[in-house]
Amino acid sequence: MQLKTLLSLLFLLGIGMTGFSQTDKNSIDDKQEDSRKKVKTKKSPEDFKDTEVNFLFNYYEQDGDHSPVTGGIGTEELDNIAPSFVVHVPLDSLSALDLNFGVDIYSSASTDNIDYFDIDKSSASSKDARAHINMAYSHTLAKSGNAYSILGGFSSEYDVTSFNFGGSYTFNSEDQNRSLTLDALFMNDSWNLLYPTELRTGTEWLKDDVRTTLKFGLSYSQVINKRLQALFSAEVVSQSGLLSTPFHRVFFDDANSNDDMATLKGLSHVEQLDDSRLKIPISMRWNYYLSDFVRLKTFYRFYTDSWGISAHTASIELPMMVSQSFIISPFFRYHTQTAADDFYEFGQASATNTPEFYTSDYDLSNFDSYKVGVGFQYSPVMGIGKFKSPFRKGKVAQFKSVGLRTAYYDRSDGLNAWLVSLDFGFTF
């Protein structure tokens, strides 16, 4: 489906529902913030009687001309459709189960070039699907008001199978205005080492096929006054094992972008990266209520890692209540980073004095980027509609809200993208 057609349909849909939606669940940071709010807030038993279900539909498309699959040159065109469900099931007044499952279906011209030098391409990753499921159990301690959660997840696609598990513990103050959360997560990714076709010679170019990630996090949130809330977070992420991507190519300075295919075919190399990496992101979030109808959300993050990258990210969002049912939220996000020590453009790494590690992945390059967009949310107090619950006899289910969020992303290396997401909220 062409993006313009899709956007037109979504716009008409939004008009038909009196503007429809925004979803503040635009990013992982926002989802984590919402989760913390749920965990740290004491509720009465009546608040737990409904199961909440959100159906999300995300569409993403990008283009660029620095694909790592072809050594830092070539198309990065990609389309991704990602429907998913987020389910919150109250087990009792203190416990809940959360499920998140779905599928990513993508078509990528970039990964189609794994078979770049073949006359008849048959890349397994030109079209692919990734299925995923994550589960979390949370419980609030009745006496202290503190809370803990246990989580686990699994995902699978053609060349990668992953699982994760972890947990968190939150210390809440008696007045619920302050909380400290400690969390940990372990992830394991098992790869099918799919090399570029010209390098499938029986040689094992990479020594490992498993990547492990261990994350420890700390976050502190506080209600400073009636208008201002703040959240500070810091993480330490340690990765080891397969950190290279098997089908990423690198061309040294004995190659030229004008060389014919036969010449280039004999000069390609598999990306080689250090088998360990330490990441440290530190962030701060401020939410300020300018009035009863306008809120200012700001975010800043500093990032550094052992590969030589340092980065700064800042964003601002302005949710505005147009009516009791309708919210509009324009937002802007800026990011800048330095290049990894082992990043080389096409034909830049020395062929005679070969470095130990090398990559032409522009995600590890020096660049600036911005994302600008707007979200809408339509959520009437009495809901949009009611219907008979298919799961609970005698229970009325409710169509609660609709959200729409769209954004444009642009990077200084030429990569650009469009993002559109829809969120339909129900209670059963």
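Odds and ends about this structure:
- Of the listed residues Glu204, Glu198, Glu77, the order by accessible area with a 1.4 Å probe, largest first, is Glu204, Glu77, Glu198.
- With a Förster radius of 35 Å applied to the beta-carbon distance between Lys386 and Ala234, the computed FRET efficiency rounds to 0.20.
- Compactness relative to 2.2 N^0.38 Å, alpha carbon Rg of the range 215-256: 2.36
- In the context of the full protein assembly, Phe376 retains an accessible surface of approximately 50 Å², using a probe radius of 1.4 Å and ignoring ligands and nucleic acids.
- Were the residues from Val89 through Met284 laid out at 0.36 nm apart, the gain over their Cα-Cα distance would be 67.2 nm.
- Helix 28-40 axis, angle to the chain major axis (alpha carbon atoms, nearest 10°): 30
- Kirkwood Rh in Å, taken over the range 281-343 so that all alpha-carbon pairs contribute: 13.6
- Surface share of carbon and sulfur [accessible, 1.4 angstrom probe, percent] for the chain: 58
- Extension gain for the segment Val396 to Ala129, taken as residue separation times 0.36 nm less the Cα-Cα distance, is 92.6 nm to one decimal.
- Net charge of Cβ neighbours under 12 Å - reference Lys395; Lys, Arg +1; Asp, Glu -1: +4
- Amide H contacts for His248 (H built 1.01 Å from N in the peptide plane; partners 5 or more residues away or on another chain; cut-off under 5 Å): Glu271.
- Dividing the helix sum by the residues of the chain, where each DSSP H run of 4 or more adds -39500 (n - 2.57), gives a mean residue ellipticity at 222 nm of -2500 deg cm²/dmol.
- Dividing the mean sequence gap of close Cα pairs (under 8 Å, 6+ apart) by how many residues the chain holds gives a relative contact order of 16 percent.
- Considering the range 355-413, its Cα convex hull presents a mean projected area of 8.7 nm².
- For Pro196, net neighbour charge (Lys/Arg +1, Asp/Glu -1) across residues whose Cβ lies under 9 Å away: 0
- For the chain, the Rg and Dmax computed from alpha carbons only, in angstrom: 23.7, 76
- Take the range 237-302 with all the other protein chains still there, run a 1.4 Å probe, and you get 46 Å² of accessible area per residue.
- Dipole of the range 355-428 computed with +1 at Lys/Arg Cβ and -1 at Asp/Glu Cβ about the Cα centre; of Ser360, Tyr409, Phe387, farthest Cα towards the positive end is Phe387.
- The aspartates and glutamates whose alpha-carbon is closer than 14 Å to the alpha-carbon of Lys226, local same-chain residues fewer than 8 away aside, are Asp175, Asp292.
- Karplus 3J(HN,Hα) series, Hz, for the range 204-221 with 6.51 cos²θ - 1.76 cosθ + 1.60 (x for Gly, Pro): 8, 5, 10, 7, 9, 10, 10, 10, 10, 10, 10, 10, 10, x, 9, 9, 10, 10
- In sequence order, the range 263-270 has phi-based couplings of 5, 5, 4, x, 10, 7, 9, 7 Hz under the Karplus curve 6.51 cos²θ - 1.76 cosθ + 1.60, θ = phi - 60°, and Gly or Pro positions carry x.
- Taking 0.36 nm per residue of separation and subtracting the Cα-Cα distance, full extension of the segment from Leu318 to Thr298 would add 6.3 nm.
- FRET efficiency, 1/(1 + (r/R0)^6) with R0 51 Å, evaluated for Tyr370 and Asp253 via beta carbons: 0.95
- With the convex hull constructed from alpha-carbon coordinates only, the range 94-198 shows a mean projected area of 8.6 nm² over all directions.
- Residue with peak Gaussian network fluctuation, the chain [Cα springs, cutoff 10 Å], from Lys371, Lys49, Lys388: Lys388
- Table column - 3J(HN,Hα) (Hz), the range 374-390, Karplus curve with 6.51, -1.76, 1.60, x for Gly and Pro: 8, x, 10, 9, 10, 9, x, 4, 8, x, 7, x, 10, 7, 5, 5, x
The values are calculated or read from the model by the stated rules, or taken from the named source; none is laboratory data. Since this is a predicted model, take the numbers as computed values, not measurements. Here Cβ is always computed from backbone atoms with ideal geometry, including for glycine, and neighbour counts include all displayed protein chains. Surface areas here come from the heavy atoms of the whole protein model, side chains and all, with no ligands, DNA or RNA. Shrake-Rupley method; radii C 1.70, N 1.55, O 1.52, S 1.80 Å.
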